[in-house]
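These notes are about the structure you will find just below.
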Amino acid sequence: MTADFVKDVMTPGAVAVRPDASLVEAAQLMRAQNIGDVLVADGQQVVGVLTDRDITVRAVADGVDPLTVSAQAVCTPDPVMVAPDDPVSAAVALMRAHAVRRLPVVEDGLPVGMVSLGDVAEAEDPDSTLADISRAEPDRERGGDGLDVL
């Protein structure tokens, strides 16, 4: 089955934090929602996308205090966005052109979901390795030190 529109493959619902939310708040929300990214929104306006990788690479790796650094300071600002009625091919082209793995989906200026490379892979080729990885449950077999439990 080939999906024609972003609304056919996107993950509905938008999880967002305020620009002044701490990285700890954002990370706790990601953990609670079992997601790897949140929108950074000032009211209803999307001002950025914050990923778990952003927190790790742009903050923790630099030794900054995640309790005092804001989501806006670390997020990717002014994200490229798509609409639910945009063709999936347009979303893929934007991901490729901007080297991003996910795009906020916005309708009438309001965030309504996210579309990821994994969402597209699952819709376009459900038997692909990327689709399998995207469907997999998070690994809960980890020790408190982050190492695999044998």
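Laboratory data are not the source of any read-out in this text; all were calculated from the coordinates shown. Bear in mind that the values here come from a model prediction, so they are computed numbers and not experimental data. Positions of Cβ are backbone-derived with ideal geometry, glycine not excepted, and every protein chain shown enters the neighbour counts.
In the range 4-13, how many are outside any strand (DSSP E or B), surrounded by fewer than 17 Cβ atoms within 10 Å (Cβ to Cβ) and within 15 Å of the chain's Cα centre (by Cα)? Residues in the range 4-13 being outside any strand (DSSP E or B), surrounded by fewer than 17 Cβ atoms within 10 Å (Cβ to Cβ) and within 15 Å of the chain's Cα centre (by Cα): 1 in total. For the range 14-39, a residue qualifies if it is of a type in the set (S, T, N, Q) and either part of a loop (DSSP other than H, G, I, E, B) or closer than 18 Å to residue 106 by Cα (or both), and exactly one does: 34. Among the residues of the range 40-61, those that are crowded, with 18+ Cβ neighbours inside 10 Å and in a helix (DSSP H, G or I) comprise 54, 55, 58.
Do we find that residue 91 is assigned to a helix (DSSP H, G or I) and surrounded by fewer than 20 Cβ atoms within 10 Å (Cβ to Cβ) in this structure? No: the conditions fail for residue 91.
I'm trying to understand the selection: among the residues of the range 36-59, which are out of contact with any helix residue (DSSP H, G or I) (no Cβ under 8 Å at 6 or more places or on another chain) and touching a residue at least 12 places away in the same chain (Cβ under 8 Å)?
Kept after step one, since they are out of contact with any helix residue (DSSP H, G or I) (no Cβ under 8 Å at 6 or more places or on another chain), are these residues of the range 36-59: 39, 41-46, 49, 51, 53, 56-57.
39, 41, 42, 44, 45, 46, 49, 51, 53, listed by residue number.
Tallying residues that are of a type in the set (D, E, K, R) and either crowded, with 20+ Cβ neighbours inside 10 Å or touching a Leu at 6+ places or on another chain (Cβ under 8 Å) (or both) within the range 16-39 yields 1.
Checking each residue in the range 1-30 for being touching a helix residue (DSSP H, G or I) at 6+ places or on another chain (Cβ under 9 Å) and charged (D, E, K, R) picks out 4, 8, 18, 20, 25. In the range 63-92, the residues that are free of Cβ contacts under 8 Å to residues at least 40 places away in the same chain form Cβ pairs under 7 Å with partners that are part of a loop (DSSP other than H, G, I, E, B) and surrounded by fewer than 19 Cβ atoms within 10 Å (Cβ to Cβ), at six or more places apart or across chains, as follows: 80/100.
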